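What follows is a single structure, written as structure tokens, with notes after it.
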Amino acid sequence: MKYPTRVPLGHFPTRIEKLERLGGHLGGPEIYIKRDDQTGLATGGNKVRKLEFLVADALAQHCDHLVTLGGPQSNHCRQTAAAAAKVGLACSVVLRGDPPGRCLGNLLLDELLGAQIQWSGGRSREEVAEELMVQLRAEGKRPYLVPLGGSTALGTLGYAAAMQETTAQLEELNIPIDLMVVASSSAGTQAGLVLGEALFGYRGRVLGISIDSAAAELARRVQELALGAAALLGVRGDHVEAGSLMSKIDINADYLGGGYAVVGPLERDAIRTVARTEGLLLDPVYTGRAMGACMDLILQGAIGKGQRVLFWHTGGAAALSGFYDDLL
Ligand SMILES: Cc1ncc(COP(=O)(O)O)c(C=O)c1O
């Protein structure tokens, strides 16, 4: 497969491990975990794979400044700040709302990594980021905008490549996975996996647990990104067309809880259970919710006890201290 240029930023391939004690605790399925929380780059996470393509694009365009946006505890902004530092670019992050009383979790890391932090206050982050782009250009700089979550067609290729890596590992380990479970929000991660499924012969399902969108809206974004990424690889209309991709998009939006970044009993219980059975840290916004959903689907029988499940650990534990009030 001929991918566009990547800047090496992360540690790949990431490991696949069996969660023996968690599987035993849930009384059934074999559960494996893909350690994309260990991709390197300032504590790791899923954005590293996307940023390898996006930063290469920024460098090819001779840009000198990355601008991105996210929530106050954005993992994406922290990893973008780290990527910028690693390749010697400046970085500005536009965060939603107003500064909190204490600078904890990812926010502390953004600061340590040298990102310039701008708060959007009552305005939309996109509008503030666009304004910042104009201002930086007026100052003679060459800014590159990394959209929310790095979820562009180009960034999505990171997870098509991740599926290629993973199918090869599973084949070598001889583990026939029936179901992959992944947290899905700005959709690039799931879109890449869905495209990779079409390209690299993974025969199970990929289930996206929606973090903050209705299923139809998220499915539309997954499809759009997967088709855009397929076009970049030049495979659209070849092995990949809209109908066959759409049939691979599987989303569960029953676990939106109190909304984005609102930590409830589902996330608290999943974080504690995985920490205490496996010594593994999930995050409060994405993987805590996705694992909570996965555990609930197992307990309800919607995921059968005889299935082999691979949970994508997409990172985020760096945010934990930013949620100390909700977690304790
Ligand atoms: C830890 C973590 N997991 C999952 C996701 C969701 O990935 P995507 O935005 O590509 O859907 C994010 C996005 O920010 C994240 O930070």
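The values are calculated or read from the model by the stated rules, or taken from the named source; none is laboratory data. Predicted model only: the values in this text are computed from it and were never measured. Using ideal geometry, Cβ is built from the backbone for each residue, glycine included, and neighbour counts are taken over all protein chains shown.
Please report, ordered by residue number, the helices (runs of 4 or more DSSP H) entirely within the stretch 185-300 with at least 1 residues that are within 14 Å of the ligand (Cβ to nearest atom) and among the hydrophobic types (A, V, I, L, M, F, W, C).
By residue number, 188-200, 215-233, 265-278, 287-300.
Quick one: in the stretch 277-328, which of the residues that are among the charged types (D, E, K, R) and closer than 19 Å to residue 204 by Cβ is surrounded by the fewest Cβ atoms within 10 Å (Cβ to Cβ)?
Checked the stretch 277-328; the qualifying residue surrounded by the fewest Cβ atoms within 10 Å (Cβ to Cβ) is 305.
Matching residues to (1) in the same structural domain as residue 204 (by TED's automatic domain parsing); (2) hydroxyl-bearing (Ser, Thr, Tyr); (3) over 19 Å from the mean Cα position of the chain (by Cα):
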{"site": "218", "(1), (2), (3)": "yes, no, no"}
{"site": "260", "(1), (2), (3)": "yes, yes, no"}
{"site": "264", "(1), (2), (3)": "yes, no, yes"}
{"site": "275", "(1), (2), (3)": "yes, no, yes"}
{"site": "283", "(1), (2), (3)": "yes, no, no"}
{"site": "286", "(1), (2), (3)": "yes, yes, no"}
{"site": "292", "(1), (2), (3)": "yes, no, no"}
{"site": "317", "(1), (2), (3)": "yes, no, no"}
{"site": "320", "(1), (2), (3)": "yes, no, no"}
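Is it true that residue 24 is among the small types (Gly, Ala, Ser) and either assigned by TED's automatic domain parsing to the domain that holds residue 295 or within 30 Å of residue 302 (Cβ to Cβ) (or both)?
It is true that residue 24 is among the small types (Gly, Ala, Ser) and either assigned by TED's automatic domain parsing to the domain that holds residue 295 or within 30 Å of residue 302 (Cβ to Cβ) (or both).
Is it the case that residue 167 is under 30 Å from residue 295 (Cα atoms), in contact with a Phe, Trp or Tyr (Cβ under 6 Å, 6 or more places away or on another chain), more than 16 Å from the ligand (Cβ to nearest atom) and in the same structural domain as residue 297 (by TED's automatic domain parsing)?
Here the answer is yes, as residue 167 does meet what is asked.
Just one of the numbered conditions (1) under 22 Å from residue 286 (Cβ atoms); (2) polar (S, T, N, Q); (3) away from the ligand (no atom under 16 Å from the Cβ) is not true of residue 152; which one?
Among (1) under 22 Å from residue 286 (Cβ atoms); (2) polar (S, T, N, Q); (3) away from the ligand (no atom under 16 Å from the Cβ), the lone unmet condition for residue 152 is (3).
Within the stretch 93-115, count every residue that is touching a strand residue (DSSP E or B) at 6+ places or on another chain (Cβ under 8 Å), small (Gly, Ala, Ser) and buried (at least 24 other Cβ atoms within 10 Å of the Cβ).
1
Out of 49, 15, 6, I need the residue that is among the basic types (Lys, Arg), within 13 Å of the ligand (Cβ to nearest atom), within 19 Å of residue 196 (Cβ to Cβ) and at pLDDT 95 or above. Which one?
Every option except 49 fails the conditions.
Residues are listed down the side, and each one gets a yes or a no for (1) assigned to a strand (DSSP E or B); (2) of a type in the set (A, V, I, L, M, F, W, C); (3) in contact with a Cys (Cβ under 6 Å, 6 or more places away or on another chain):
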site: 7; (1), (2), (3): no, yes, no
site: 12; (1), (2), (3): no, yes, no
site: 24; (1), (2), (3): no, no, no
site: 31; (1), (2), (3): yes, yes, no
site: 41; (1), (2), (3): no, yes, no
site: 52; (1), (2), (3): no, no, no
site: 58; (1), (2), (3): no, yes, no
site: 66; (1), (2), (3): yes, yes, yes
site: 85; (1), (2), (3): no, yes, no
